[in-house]
Structures are given as structure tokens and as C-alpha cells.
1. What do you get when you divide the Cα radius of gyration of the stretch A:316-401 by 2.2 N^0.38 Å, with N the number of residues?
2. Test of understanding: express the Cα radius of gyration of the stretch B:1-42 as a ratio to 2.2 N^0.38 Å, with N the residue count.
3. Which residues of the stretch B:174-189 bury at least 30 Å² of accessible area once all protein chains are present, versus their chain alone (1.4 Å probe)?
4. Determine the total buried accessible area between chain A and chain B, counting protein heavy atoms only with a 1.4 Å probe; round to the nearest 100 Å².
5. Over chain B, what is the relative contact order in percent, taking alpha-carbon pairs closer than 8 angstrom and at least six residues apart?
6. If you project the alpha carbons of the stretch B:366-434 onto their three principal axes, what span does each projection cover, largest first, in Å?
7. With only Lys, Arg, Asp and Glu charged, each at its Cβ (+1 for the first two, -1 for the last two), find how big the charge dipole of the stretch A:364-457 is about the Cα centre; round to the nearest 20 debye.
8. Quick one: check the C-alpha center-to-center distance for the stretch B:163-180 versus the stretch B:6-21, whole angstrom.
Number of protein chains: 2
Amino acid sequence: MEKNIPYKTYLSENEIPTKWYNLRADMKNKPAPLLNPGTLQPMTAEELSGVFCTELVKQELDNDTKYFDIPEEIQNFYKMYRPSPLVRAYCLEKALDTPAHIYYKFEGNNTSGSHKLNSAIAQAYYAKKQGLKGVTTETGAGQWGTALSMACSYFGLDCKVYMVKVSYEQKPFRREVMRTYGASVTPSPSDTTNVGRKILAEHPGTTGSLGCAISEAVEAATSTEGYRYVLGSVLNQVVLHQSIIGLESKIAFDKIGVKPDVIIGCAGGGSNLGGLIAPFMGEKLRGEADYRIVAVEPASCPSFTRGKFAYDFCDTGMVCPLAKMYTLGSGFIPSPNHAGGLRYHGMSAILSQLYDDKLMEAVSVEQTAVFDAATQFARVEGILPAPESSHAIRVAIDEAMKCKETGEAKNIFFGLTGTGYFDMVAYQKYNDGEMTDYIPTDDDLAVGFAGLPKVDL
Amino acid sequence: MEKNIPYKTYLSENEIPTKWYNLRADMKNKPAPLLNPGTLQPMTAEELSGVFCTELVKQELDNDTKYFDIPEEIQNFYKMYRPSPLVRAYCLEKALDTPAHIYYKFEGNNTSGSHKLNSAIAQAYYAKKQGLKGVTTETGAGQWGTALSMACSYFGLDCKVYMVKVSYEQKPFRREVMRTYGASVTPSPSDTTNVGRKILAEHPGTTGSLGCAISEAVEAATSTEGYRYVLGSVLNQVVLHQSIIGLESKIAFDKIGVKPDVIIGCAGGGSNLGGLIAPFMGEKLRGEADYRIVAVEPASCPSFTRGKFAYDFCDTGMVCPLAKMYTLGSGFIPSPNHAGGLRYHGMSAILSQLYDDKLMEAVSVEQTAVFDAATQFARVEGILPAPESSHAIRVAIDEAMKCKETGEAKNIFFGLTGTGYFDMVAYQKYNDGEMTDYIPTDDDLAVGFAGLPKVDL
């Protein structure tokens, strides 16, 4: 081990960035605009303001402003759990016997257990500032719902969470954490909304999906005075808030004098990956530096690697605007044997455009291989990773093993988005040898694609 | 908020202490020696070596050496999750509207979820160095078992955990974390040991106790070739390892130029509290500084506040040496409605002596008041605290409210030993308004006291 690079690099509190970086400002090909599902015209700020907080709508639509000031209240909240450490994985390197140098940015050291808190606190802040009573949202694995509950509790906002039914059942303790922070939690699909009742009637045995939970949360927000809907991933504004991850990482790398060669992140809706890579991709877009950037997704929900780049609904109920993105179709629901998160059918419009422009790569991995990597990582690095994060670990290990073959001492950097403390049902399945893999057939995917809206632009 | 004191103070990696501090060296009245339960003579190193690792026996018996070098392998492991932050609780202060300044040392940012890892890695290291195959232990809430599983996995040692039955049932996910780290977990009392079978026969419906699980683990260790028993609290060696908490805290306080007025920690077996206060108590013993030091225990298991200072068995099965400590009697088993950890009948001999010498105070608190404090803390400080840790939060808040009355800007410092992610059954009970308090009557306590051994010294 080199003595000059610490296990963990922390920024001091006054080194924490005070501005978010808007990657879109440096993109030549901007992400396509959201479309009104009725008129197929770009959504205006006014139209979006019925669903989202006004200030967040501004952030959503702004492709030009390069930096947004982080309000002081949010900076103060960040100081409660940030900076997150940039970790040199000395023990993993040793276990792999690789010449590669492995680094990860660990976002799990907060009660939500993941990076989601970075955007939750921002969205709750703007909702409070606007004088709203509360917000609604959906949650899959529960990390976003927990993060939003924490943020709402901090600012004294009401918080209604629609939780994907399969996760609600597998993760009762997540529900209790949200309740401890004062949120109400409803399994989705539910009979509390029109769209929920419709989905239940059509698919009585459904285990739910993020797309479906989004529809319910949007309906609950737009039909209740003083409420708006907030979303934990996919949207441009969320990628903006998550840029704090990449910005901190970049400062830490500069401090230790290291430049990553390959940057790896898991991709569900894309906000963690978008935030992680933001300043690095910015350098790449401006021609100042080059990095290999790899998105990792589950083979059972392969938006990038097998999806279409097309306008699609963000939600199953088709009440949300259309986004141009890599998508499996809003009707796609991953197999219930899928335990590893990242179940969303679409992908951030920003990342979709970057991927289409060949500025980044994508790979898909199967879940048993992901849990192999998770367990190996946990045993040597101590941290029990979230299944989602473990997708990135899988590929980081694969890259490190390639370095072992070639003898290259590459700097491999991945985002460790969170911890798996509430994923023990999935770990138990893995520990008991009962975990299986699932790769949708082309026919399975055709069902989702058939539901894509016809948009000519 | 003062701008000069950060929310979190981290030491740099090269500021992490490289020696443990042995508080006993500065004590005028040393803790009483362990006694052989058969001869009632002080246990020799040779006798103890049948149960414990040789190097740990040396640490256990050494009342004179002031500092012990931390081996490099342990230092490296510490670097994976240490230093832990010293946090200024600005948000809690604001919520309480108190002039007090509140600080806490947060030990929960690791997968075991608590400070227990500090000693687990040390004990696993010495077992490995001695060439053992594995170790056995007991666990209550599961934090110690998880910590030991992680440590054993790191050094490639086998790990057998006897888990108090009530916790085993309430915390199935803890079991899965331990299994993920390769440990075997048995609910205690079990039919795998003589002492377990005996206890089951006498108390068929028992929910178990730490004392009983200790007996089983000791029997399993001493009856299996190449195994030793390790213990997560109570012992002098554990207090020694946990001194890392206090040592780091002291350095961090010196960095920010603050001297705590009152130091508060929860006390089950006493190792967290002993470690937290070590360097501060050292100054007090040497007459260099004064601090108010407060141990907090549950009203349902009040070893300090209602126990006797006497020689007692460390375990229910009476196979372990006798220790002179504040105790409720090894036959004392807390009511099963007690959800908040800290269920051990006795207390560290070091702390017991310090308490008897009036160098520290003790208070007991009821569990609904503890969960009130836990929830209040979680909502403003973000961290969801372990029930054990929340005993200290309760008293820290009470002290801060006294400052509000008197207008004093005291520096209140408490140990936040861990997170409550695996305690959601208890939180659910609290959230549902179903949590009750329990204070043993004098008659209840008399049962435990009746079983105290007759030792005249």
C-alpha cells in the first residue's frame, strides 16, 4: 500500500461545494424537452408547475446555467452527513491481487442509507419555501422514501409515500423508518387513487412497479390542495442536485493527485450516475480530459443495453409528461424474482443523450453475480452494500481482474451509493442459494415496446 | 451557530491514535481481580488462558501498563471505518432552544452499526495470531455478534455466535448480516450445550439473557479444540480497546478548543462508556482536569443505581470467573417488554470501582422516555439512533433543558454508540403507542440478589 494515499479522503467542511453543477450547460446535444402528453408540445414552466414546485421547474428546464447556488439551509443540512468519504479500497485490491487502484465514493453514511438524501433535502426545501403543506412521492427499495421522510421532517412538511408493493412487503422496517420520520406509507398499486384502482383491476396480482407508484403519487399531489409531487431520480433537477457527489469526488481526487481512468456507476433512473460523473463528463465535453464512463444496469431491466431511445411516459399510468430516453416501455415490469433494485423502465434524459452520443458505455449484469460481488466486497471492505450499488461493485471487480491480466495499474472509480441493511431478505435468498437470474426474452421486451407512444419529431 | 466549530470534526488518518490507553494504570483503587469460582482465589493467567486468547489475558490482568501499542493490522482495519466524527448537534440545540452546546461522538458508521467493532477486530486479531481456528461469543441486540462476524471474516476465523433468543426472534436480519459475513448463529438458550439444556429445563419459556448466552458460548469454546471465547463488553480488555473512542474525542475537542463539562454515556456492560470517558477520567484521576461523568442505564435493568457492589458470576450458568461489580445478580433477567438493549445484569469492574469511588454518577431512565428522545433526535439530527445509544441522548437532552432554565452554555458531550436500523420492531412498538415501561420491584430484585455468591474478602 502506498503510504501517501489515505484509506479515506474527507473534504473539510468549508471545501464542500456550495454550487451544484448543471452538466446540461456543457452538452452540445441537449437532452430533449419533456412533452405534454396531450399536445405533444414541449411542456411549459406553467404546465409543469401544477405538478412540481416552481423553483424545481426552473431547474428542470434550464439547459444553460452552469452553476446553481446551493441555499444555505441545504448547505447546513448537507453538513450533517456530508462530505462523504472517497475511499481507497486497499483491502479489496489485496483480495483481488490486482495492480489496479480501486476507489469508491461512499454515499451510505446517513439514515436513508443512500445518496437520495442529496436531492430529497433540496426538493423539500423548495417545497417549504413555496409555502406548500406537503409533498407526495413514490419509492421502490425505500431509500428515496426514507430520504424524503427525513427531509420533510426536518422542514416540517407532510410526506405521503407510495411504495412499490413488492418492496413494501419485503421491507417492513423501511416503512417503520419512514413512519418514525412522520411520513405516511401506502403500498402501490393501492385503491386510494383512480390510477391505482385501474391497475389493480387490470393486473390483480401485480407486485407493482416504480412507474405505477409514480402515477399514484402524481394523482395524489395534483388532487390535493397545497401539495406537489417530487421524484427521486430520472429528472434533470435530480441529476443537478446529485452533482454534489461528483464535485466532492473531483476535489478529493485533486487533493490526492489521482485521476480516475474509468468511472463506474449503477443506473436505475440515472441520478446517482449522472451526479457521480457530472464534473468528469463536463471535462470530457469541454475537451479538457478523457475518462471511460460505464453505466451498470441489471440484466432483468436493461434500459440502456436493450431499450429504445424514444419518447415515452415516465409512469405506467401515462399521466406524466413524455421524456425522450432509453426505455423498455412504461408497461414493462421486471420479474418479481428480481431483488436488486434498479427496477425503473426508463432512464435520465441527460444520460440517455450522452449514451446516444457515445460519450459513455453501458453493461448489464445478472443478480447472482451482483450478490457474489456484494458479499466479496462486504467481507473485505467492511461495508454491506445495497444491491443497487453492488452492480457497480461487480463491474469494478471485473475491470480490476482485467488489469490483473494485462498488468495495468488503472485507477478504477465507482459510486457506492448505499448500504444494504434493509435488503436482508435479498441477502438471505442469496445466502440460502435460492437466488435466481432472469433475463427477459425479446418477446418479453416487445410487450413494453408495443406501448411506446407514437411521437414524430 | 458559531462559524468556527464545524458540524463534524474528523481527525486525519495519521491523527488516529496508535496506542490504547489503559485507564487502570491511573486508578488509585484498582478494579478487583477476577476470582476462580471454585477456589475463590484470583484467576491466574494460566487459568484464564483456557477460556481467552493468551495476549488478551495479558491485557485483562495488566493494571499498570499505561499504553498498549495497537498492532498495525488493527490500525489498518480501523482506517476502514475510523476516525469516527465528533459532531456538534447544532440542529438539536436549535430544536431545544438551549444555550447548551451539545456534542456527540458517533460510532455507528460501520456495518456492525456500533462501537463494538473496535474491540471485535482486536480480539479476532489476537486469536488469529495465536493460531486458533475460531472463536465463540454471545450477542444480545446483535451488534457485537455482527462486529465479531466482520472481524473474523476479515482474518479468516470461524465464528460461532449465541444470540439471546428474544433478539434472535426480533432481529432476523441481524442474523442474515452475520451469515453474510460467514458466522453461524444459534438462539440462546439452545440445546447445543449442557448449560443451555439445563436452563431450558428450568425455565422452558425463557426469552434468554446475555448471562445465559455467555455460559453457552464459554462451554462451546472450552469444549472445542482450537477455539476460545471472546466477549464484547464488561472485561477490562474491552474497555482498553474501546479507549480509542475517548482518545479520538479528546484530540478532536483539543482541535476545536472545547472542553466538555459533562460526559454522558449509556451503560450496559460498560465498555462503550469506559472507552468514551477513558482519557477524560484519566485527567480527572491525575488531578489535571475535572469533568462530570454520567452513566445512563435502563430503569428495567438498573445495575448501578439499584445493584449491589459485590462479587458475582458474569454468566447465568456460573461457569465464568467471579467479578466484583455492580450487579443485579446473575439470575436477574429483564422483563421481555424491555426493547432497549443494555440487558446485562452486571457492569465493568473498572466502572464499578470508579462509581464506588464517586468519580462518576449514574441515572436510570424508562424506555418510552428513551424512545421519545430517540425520535426527537432522529428528526433533527438525521441519524436514527440505536435504543441503547438513546439512553445517553435522553439524559443529554435533559441536561440541555436544565441549561435552558439556568441560562448556562455548558458543553454537553455524549457517546452515540450506534444506529437503530435493526431495531425497527422496537421503533414500531413505539410508533404504534404500544411500548410500556417496566421498573422491577424490590421483590423482583431480591430474587437476583439471593443468587449472589458468598465471598468474603
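1. 1.29
2. Against the compact-globule rule of thumb, the ratio is 2.26.
3. Buried by the other chains: B:Glu176, B:Arg179, B:Thr180, B:Tyr181.
4. About 4200 Å² of accessible surface is lost on pairing.
5. So the answer I get is 19 percent.
6. 38, 23, 20
7. So the magnitude is around 360 debye.
8. Between the Cα centres of the stretch B:163-180 and the stretch B:6-21 lies a distance of 32 Å.
The values are calculated or read from the model by the stated rules, or taken from the named source; none is laboratory data. Everything numeric here is computed off the predicted structure, so don't read it as measured data. In this analysis, Cβ positions are derived from the backbone assuming ideal geometry, glycine residues included, and neighbour counts consider all displayed protein chains. Please note that ligands, DNA and RNA were not included when accessible areas were found on the heavy atoms of the full protein model with its side chains. Shrake-Rupley method; radii C 1.70, N 1.55, O 1.52, S 1.80 Å.
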